[in-house]
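Asks: A single structure is presented below for examination.
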Amino acid sequence: MNTKLKRLINQVAALDIVIAFDLSFAATIWILAEIISSLIKLTDNATKLVSAFNELRAALKNFKAKK
């Protein structure tokens, strides 16, 4: 086989490895972004839940005070 052809095949193989690594890295970054986004939504929902419980507690205090 021609040495130039062998060199070209090796370069293409190396490029495939680099592309696969880049795609894997990009997928990992995307998954991490999704996890962070979910955590932010979860934190926001938890904040709303705590706020609702605080409002409920205040309403119960007012109800007991009126009795």
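The values are calculated or read from the model by the stated rules, or taken from the named source; none is laboratory data. Bear in mind that the values here come from a model prediction, so they are computed numbers and not experimental data. Neighbour counts run over all protein chains shown; Cβ positions are idealised from the backbone, glycine included. Heavy atoms of the whole protein, side chains included, go into the accessibility calculation; ligands, DNA and RNA do not. Shrake-Rupley method; radii C 1.70, N 1.55, O 1.52, S 1.80 Å.
Asks: Using each residue's phi in segment 26-39, evaluate 6.51 cos²θ - 1.76 cosθ + 1.60 at θ = phi - 60° and report the 3J(HN,Hα) Karplus result to the nearest Hz, with x for Gly and Pro.
Replies: 5, 5, 4, 4, 5, 5, 4, 5, 5, 5, 4, 4, 5, 5
Asks: Also, quick follow-up: How much of the accessible area of the chain, in percent, comes from carbon and sulfur atoms when a 1.4 Å probe is used? Before the final figure, lay out each step's value.
Replies: On the way: 4430 of 6350 Å².
Looking at the chain in its full context, I get 70 percent from C and S.
Asks: Given labels modelled 7 Å from the Cα in the Cβ direction, how far is it in nm from Phe53 to Ala33?
Replies: Output for this residue pair reads 3.4 nm.
Asks: At a Cα cut-off below 16 Å, give the lysines reachable from Lys66, other chains included and same-chain residues fewer than 8 away excluded.
Replies: none
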